[in-house]
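Enquirer: Sending over a structure as structure tokens; questions will come in a sec.
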Amino acid sequence: MWLDFVSSPESIHTNDRALGGFCIGASADKARFDAQSSPWPIQAIVAPLLGLDVPVLHETWFCNSPASDDVQHGHSEGIAWRRMGNLLYGVLELAEADFSDAANAAVAPLQLASADIYRRIFRLLDAQQLPQLWRVWNYVADINRETHGLERYRQFNIGRQEAWREFHRTITGNVPAACAIGLPAGALKRVSIAFLASDMPVIPIENPRQVSAYHYPADYGPCSPTFSRAALASMKGQEVLFISGTASIVGHQTLHAGDVRAQCDETLANIAAVLDEANRHAHSAPFTLASLSYRVYVRHLADFASIQARLREVLGQGVEIVYLQADICRADLLLEIEAHGIHATEHVHA
């Protein structure tokens with residue numbers, strides 16, 4: 001089983017190799033319609049695309065063609081999922097309003113919603129006997145806003161960790177690559193999560209320039225974030241490196257507040273450090289900055305041209321980069337970059 005990734009402005013609704021993907025665009029109606037009309041699970045990321053003259057962009061994960069009886073799909077507690085062999089992709093979106101409970105008025109609805117989403121994910125993975133989360137994409141409305149006496153990103157982290165503990169999952173070390181990004185609330189606050197899972201463990205990768213996120217001090221909230229800096233997955237004939245959302249953080253502190261170019265350079269230095277660590281474990285050709293596909297989150301539209309120019313200068317013209325405007329998990333961070341790389345290998349790894 002191997003993975004491939006395709007980005008296109010056109011939706012592809014007839015391909016038996018599609019596992020799942022994303023629909024990115026500023027129009028909520030368009031993005032959600034495309035997601036809901038797809039025969040495989042698609043996460044609707046309602047955010048403005050930058051530098052592209054298209055209403056939406058479709059990103060799709062594909063698997064090599066399996067036998068027809070090796071493909072399963074369905075809905076479980078609101079999760080739309082599709083499975084090919086031992087790989088499963090799922091998407092779940094919940095409205096926070098559904099978790100506004102007078103009996104739990106002291107607990108933020110976002111905290112309750114995030115805990116509930118992860119409980120549903122873990123129940124599905126247990127039922128499918130695919131316990132290994134590889135990569136998670138978390139999108140939260142108004143991520144930097146403070147309610148119930150706490151920033152909403154910190155509320156999300158409390159709920160996420162509550163579910164991880166409840167299902168007896170480790171919250172340090174062997175945790176998936178992930179991002180947590182803020183989107184406009186719109187008419188209804190929503191939590192949207194997509195995930196990729198398997199029965200094969202990945203190798204979690206940390207960054208020697210940074211404190212592991214799950215070891216952050218209490219300055220950043222009552223519960224630390226639950227993710228690794230990257231995850232290296234090995235399959236027959238292939239290695240896939242998932243790099244988590246990465247920003248201008250050294251140790252555990254934000255650097256270069258207000259300086260978008262310096263933050264961009266520090267972010268790239270962090271990704272390069274993660275690549276060095278990943279290459280110590282990889283059995284394929286070395287992963288390089290130029291060999292990755294990127295998704296870049298830009299907080300302020302006015303910074304886009306500067307970020308785009310700097311990334312072109314460092315990475316080159318031929319690298320695939322998708323830019324969108326969104327909020328970052330810390331209010332003083334101006335951009336965040338996530339990436340993945342796919343390499344062929346002749347080796348077989350369990």
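Derivation of every value follows stated rules applied to the coordinates shown; laboratory data play no part. Being a predicted model, the structure only gives us computed values, none of them experimental. Glycine gets a Cβ as well: all are built from the backbone with ideal geometry, and neighbour counts include every protein chain shown.
Enquirer: Quick one: among ALA230, ALA185, ALA282, which has the greatest mean-square fluctuation in a GNM of the chain with alpha-carbon springs under 10 angstrom?
Expert: Looking only at ALA230, ALA185, ALA282, the biggest GNM fluctuation is shown by ALA185.
Enquirer: Then there is this: Treating only the Cβ atoms of Lys and Arg (+1) and Asp and Glu (-1) as charged, compute the dipole magnitude of segment 3-344 about its Cα centre; round to the nearest 20 debye.
Expert: Dipole magnitude for segment 3-344 comes out near 260 debye.
Enquirer: Now for a different question. Could you calculate the contour length gain from HIS252 to ASP332, that is, 0.36 nm times the residue separation minus the distance between their Cα atoms, to one decimal place in nm?
Expert: Fully extending the segment from HIS252 to ASP332 adds 27.5 nm.
Enquirer: Using the Karplus curve 6.51 cos²θ - 1.76 cosθ + 1.60 with θ = phi - 60°, work out ³J(HN,Hα) for each residue of segment 264-273 in order, rounded to whole Hz, and write x for Gly and Pro.
Expert: My calculation for segment 264-273 gives 4, 5, 5, 4, 5, 5, 5, 5, 4, 5 Hz in order.
Enquirer: Now a separate question. So how do ARG312, ARG209 line up by other beta-carbon neighbours within 10 Å, fewest first?
Expert: ARG312, ARG209
Enquirer: Anyone know which of VAL191, VAL240, VAL211 comes out most mobile in the 10 Å Cα GNM of the chain?
Expert: For the chain, modelled as a Gaussian network with Cα springs under 10 Å, the answer is VAL211.
Enquirer: I would also like to ask the following. If amide hydrogens are placed 1.01 Å from N in the peptide plane, which non-local residues have theirs closer than 5 Å to the one on ALA26?
Expert: ALA47, LEU49
Enquirer: Still on this structure: Using the Karplus curve 6.51 cos²θ - 1.76 cosθ + 1.60 with θ = phi - 60°, what ³J(HN,Hα) values do you get for each residue of segment 246-261, in whole Hz, with x for Gly and Pro?
Expert: Result, ordered by residue: 10, 9, 7, 10, 10, x, 10, 10, 5, 10, 6, 4, x, 10, 5, 5 Hz.
Enquirer: Can you give me the long-range amide H partners of VAL250? Hydrogens built in the peptide plane at 1.01 Å from N, cutoff under 5 Å, separation of 5 or more residues or another chain.
Expert: Long-range HN contacts for VAL250: LEU255.
Enquirer: While we're looking at this one, here's another question. Determine, for ILE271, ILE328, ILE321, the number of other Cβ atoms within 10 Å of each Cβ, and report the residues in order from fewest to most.
Expert: Sorted ascending by nearby Cβ count, the order is ILE321, ILE271, ILE328.
Enquirer: Another question, if that's okay. What percent does the relative contact order of the chain come to when contacts are Cα pairs within less than 8 Å and at least six residues apart?
Expert: 16 percent
Enquirer: Further question: Please work out how much length the chain gains when fully extended from PHE167 to HIS148, using 0.36 nm per residue of separation minus the C-alpha to C-alpha distance, in nm with one decimal.
Expert: 4.2 nm is the gain from fully extending PHE167 to HIS148.
Enquirer: Let's test the formula: R0 of 45 Å, r as the Cβ-Cβ distance of ASP29 and LYS236. What FRET efficiency results, to the nearest 0.05?
Expert: In this case the efficiency is close to 0.65.
Enquirer: Continuing with the same structure: Return the sequence-ordered ³J(HN,Hα) values of segment 201-206 in whole Hz as given by the Karplus equation 6.51 cos²θ - 1.76 cosθ + 1.60 applied to θ = phi - 60°, using x for Gly and Pro.
Expert: x, 9, 8, x, 10, 10
Enquirer: Non-local amide H neighbours of LEU130 (under 5 Å, H modeled in plane, Pro and chain starts lacking H): which ones?
Expert: Amide H neighbours of LEU130: none.
Enquirer: Of the listed peptides 136-146, 70-80, what is their order by residue-averaged count of other C-beta atoms within 10 Å, with the highest listed first?
Expert: Top of the packing list down: 136-146, 70-80.
Enquirer: Quick check on the exposure proxy: order MET84, MET200, MET235 from fewest to most C-beta atoms within 10 angstrom.
Expert: So the ranking, lowest neighbour count to highest, is MET200, MET235, MET84.
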